[in-house]
């Protein structure tokens, strides 16, 4: 067996039985696409390509095999193909056995006289530089061993470079498509073309480059051709087009980096797992050009490529890097996206509809009303986490369909939020065929500080680009139209290996005395343009790296303005439709810094006026760059809008920008108030406290004091500085009363009521919350006040009244979209329904509340909802489902450090274990729960409840009785009322189990007295059951038995059959309960 395993698993791969795989898939009725979809639903990344490979008997990754075994619910050994099964299979074709025919580009060189050895060596170097393979004297082939989309262009560029080298010689170069390998030899073509040489000689040594008609049509956008009379079927290549070409120069050098990338591609395709490539270099060193080459190679390998660029300024909400990725991955159009388009593309990508909420936020789309309520109720960290999860699901979905290359350029401009998102997404390369290609400058590079700590154990390759070697720079210079080697040498010396500098120097007028710095180079270029073009470029540089021609025309007030001269000078380049980009951000920076300060301010003011209400954030940013007096107010207006739109990072950045303003007066009070609100929303409670305190110190009048007090009091409450909070609120309420102002009183009373609840003064808490309801000016404050009132009634055991108050609270939440408050109160409606014997309705409320809490990120609400759902499921005897709810609640409580809920949840788990018949485990866990109560001092919260459960499972009767006595003492000291209910029911069950009928009856009588103010069905049922059971114990007559069984049947109908689990199990041994 061991030998078979070694034979089956080679180099981390395993061969599966294809017939068995196909049979299993057909049993499920799935296509290969549908199987990949099923794997995705199970969070297993298995691509369609891997499934096809497995089902054709080819080796697949051991991880892929394990995933398939899991989804088929089979042991992996059942799927592995044994060596005996493979013996008769045809082996895979090995490299070199039989080479298939392929289409290549052939460059044939015809010389009237043989070339000297030195010249032949230079020719060979040029052929290699353009990616060709020399197959013999005068013959080069492009497209071996692998074809790339740029083969034709590079082959013709090579022909022009060779023609330039061979000036003065009678030479003809012919480029054609041909099959490789082929029977016809180079000699056959040479005989056909020898007639061209006399014409070349007559042209006084000017080499001719010819191309086939079909090939010329294919590359017509890159080259200019003209008819020729020298040969049929050929066109004369005159020159390469320079006007609108983005990659004007071929990739020179970078051979090591290209080979590393190719190796990464091969590994990704072979093993279906990805890699992280991090490309670094100084500005202008050629990162973007190399990224373009990598992308071309990836496309030729049938890898889907998606690119995003990080900009440092002038980014619209719908053009952030994440938005660029989402648009590209979903296949959305570049313009504004509609709801219908988003829904259609999500459906096409087979993604759940609920992800639309997060993609809208990323794409800068408004949320429709229902989604807006849920999105607004989410905690800030929940929104960010869900957005990352949505992007991850989209990426993995696409990776299942086809391997991905995800390119993010200029990471050095990335914000901390973008870097954090990357840190969360990059680890997925271990599980899916995804290659991340990131580029950054050395300066401001975030990798070491912000990314590497999250990439431990990840496959990362760092590519630090060095300057071009002198020979490589000369090769690039030879590609320029000018053939003067002295001019090339001067440009190479000045560029010092920087490709951007070199290309700019080569394109500049050689008659100009250019300085060595790029800023002077840019200025020289500007001087060669007409005044209107220079002004246009200055305005464009103030807009940012990317800009639209229509917007630029609008700012210039020149409807017919064009940028052709700027494109020809290689200053800007077209990217899509009427959008343009500077060829490099250093070029943009050089132009921007050349603008006189006064003119620069005028341009920014003009831009701010154009943005106006269309994009208030860019308006504010341009006013700030202009150092305009209106900038501080504009920055704060946009910050307030960002806070309202849950864009807290953007708001904080605007606030910090405003804090740096030193050129105009600013509203210090509003600045601090907004800072406090933003920090509070982001969970930075200490910073929020300090900002609100500063705002309070700056406040003038009651209208300004109240918001500062509310913010500060809320922060103090979170920090548990309740004494300072109460003094602050008392002062604010007194000041409001003295001023006869109702401003903010609702919020102030609500906050004060919250202080009294944990103290156990429920009557005072309710009185203050009723005051809050009376003075409330907003529906939100009304709902919160009702929530506080309902809590106080619940804490006093008045379940009927509490239920009605919670109903009113939830109706208000539903009517006005207050999803966060709803999430915090729906489980309380379910809890009160338990005590009204509406068990199934309580269960539905609790499960719905858990789902809502999970959706909006209200983790406390979700924990208590899971707890409440567990109670209802235990009450009806559904141990399996109850365990699932309790375990989810425990897991979440431990994750967020909510330790006060752990003993509560463990008490429920004790009851799960009792239903499962695991009494020893139940006893051990009950002891642990009580230890937690004592350690955390939770006596008033759940002390008697947990003690009564511990007493129930305690095997020693004397110890059990003493625990009940201790629980009774805690009740008399004052506790939340759920202790009163649960303690008495468990205590009555305890006494019945120990056949202490009189004590059980005494407990029932005391329970009845304690709930007499507002009886409830749950208490009444268990009081009656305890009394009936005690009577049966004392006198087991048929009448007493019948009465007890009737009550138990009523309890089963009401969903209460298992509230007393051990008593029910004891009775079931002798009586017919069901």
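The values are calculated or read from the model by the stated rules, or taken from the named source; none is laboratory data. Everything numeric here is computed off the predicted structure, so don't read it as measured data. So basically every Cβ, Gly included, is an ideal-geometry build from the backbone, and we count neighbours across all protein chains shown.
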**Q.** So residue 797, is it modelled with pLDDT of 90 or more and on the phi > 0 side of the Ramachandran plot
**A.** yes
Q | Unmet requirement for residue 661, which otherwise passes all of (1) within 20 Å of residue 858 (Cα to Cα); (2) outside any helix (DSSP H, G or I) | A | (1)
(Q) Can you report the number of residues in the stretch 129-152 which are modelled with pLDDT of 80 or more and not in a loop (DSSP other than H, G, I, E, B)? (A) 7
(Q) Anything in the stretch 1029-1057 that is closer than 23 Å to residue 870 by Cα and surrounded by fewer than 17 Cβ atoms within 10 Å (Cβ to Cβ)? List them, or say none. (A) 1049, 1050, 1052, 1053
Q) Across the stretch 119-137, which residue is surrounded by the fewest Cβ atoms within 10 Å (Cβ to Cβ) among those that are touching a residue at least 12 places away in the same chain (Cβ under 8 Å) and farther than 16 Å from residue 156 by Cα? A) 136
Q: Need at least 1 residues that are in contact with a strand residue (DSSP E or B) (Cβ under 7 Å, 6 or more places away or on another chain) and either under 30 Å from residue 822 (Cα atoms) or touching a residue at least 60 places away in the same chain (Cβ under 8 Å) (or both) per element, so show me which helices (runs of 4 or more DSSP H) inside the stretch 283-379 make the cut, counting only ones lying wholly within it.
A: 287-300, 321-330
Q) If you check 688, 699, 727, which single one turns out to be out of contact with any helix residue (DSSP H, G or I) (no Cβ under 8 Å at 6 or more places or on another chain) and modelled with pLDDT of 90 or more? A) 727
Q | Counted residues, the stretch 1006-1023 - those being under 17 Å from residue 875 (Cα atoms) and assigned to a helix (DSSP H, G or I) | A | 7
Q) Can you spot a residue in the stretch 958-974 that is crowded, with 22+ Cβ neighbours inside 10 Å, touching a residue at least 40 places away in the same chain (Cβ under 8 Å) and under 51 Å from the mean Cα position of the chain (by Cα)? A) no
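Conditions tested, residue by residue: (1) in contact (Cβ under 8 Å) with a residue 12 or more places away in the chain; (2) touching a helix residue (DSSP H, G or I) at 6+ places or on another chain (Cβ under 9 Å); (3) closer than 17 Å to residue 789 by Cα.
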site: 712; (1), (2), (3): yes, yes, no
site: 715; (1), (2), (3): yes, yes, no
site: 721; (1), (2), (3): no, yes, no
site: 766; (1), (2), (3): yes, yes, yes
Q. Do the conditions hold for residue 982, that is, is it under 30 Å from residue 790 (Cα atoms) and surrounded by fewer than 23 Cβ atoms within 10 Å (Cβ to Cβ)?
A. yes
Q: Output the number of residues of the stretch 335-349 satisfying the condition of being surrounded by 14 or more Cβ atoms within 10 Å (Cβ to Cβ) and either modelled with pLDDT under 90 or under 25 Å from residue 851 (Cβ atoms) (or both).
A: 4
**Q.** Which listed residue is without any contact (Cβ under 8 Å) to a residue 60 or more places away in the chain and not assigned by TED's automatic domain parsing to the domain that holds residue 984, from 785, 823
**A.** 785
Q) Where in the stretch 459-528 are there helices (runs of 4 or more DSSP H), lying fully within it, with 2 or more residues that are more than 26 Å from residue 279 (Cβ to Cβ) and at pLDDT below 70? A) 518-527
Q. In the set 232, 312, which member is over 30 Å from the mean Cα position of the chain (by Cα), modelled with pLDDT under 90 and not assigned by TED's automatic domain parsing to the domain that holds residue 13?
A. 232
(Q) Condition (residue is modelled with pLDDT of 85 or more, part of a helix (DSSP H, G or I) and in contact with a strand residue (DSSP E or B) (Cβ under 6 Å, 6 or more places away or on another chain)) applied to the stretch 536-544: is it met by at least one residue? (A) yes
Q. If a residue has to be under 39 Å from the mean Cα position of the chain (by Cα) and assigned to a helix (DSSP H, G or I) to count, how many in the stretch 714-751 make the cut?
A. 12
Q | residue 423 surrounded by 16 or more Cβ atoms within 10 Å (Cβ to Cβ), part of a loop (DSSP other than H, G, I, E, B) and either assigned by TED's automatic domain parsing to the domain that holds residue 305 or modelled with pLDDT of 90 or more (or both) | A | no
Q: Would you kindly identify the helices (runs of 4 or more DSSP H) lying entirely within the stretch 857-966 that contain at least 3 residues that are assigned by TED's automatic domain parsing to the domain that holds residue 842 and either within 20 Å of residue 1022 (Cα to Cα) or in contact with a strand residue (DSSP E or B) (Cβ under 9 Å, 6 or more places away or on another chain) (or both)?
A: 859-875
Q: Restrict the check to the stretch 927-938 and report whether at least one residue is touching a helix residue (DSSP H, G or I) at 6+ places or on another chain (Cβ under 8 Å), under 26 Å from residue 1057 (Cβ atoms) and surrounded by 22 or more Cβ atoms within 10 Å (Cβ to Cβ).
A: yes
Q: For residue 696, state whether it is under 18 Å from residue 656 (Cα atoms) and either in contact with a strand residue (DSSP E or B) (Cβ under 6 Å, 6 or more places away or on another chain) or without any contact (Cβ under 8 Å) to a residue 40 or more places away in the chain (or both).
A: no
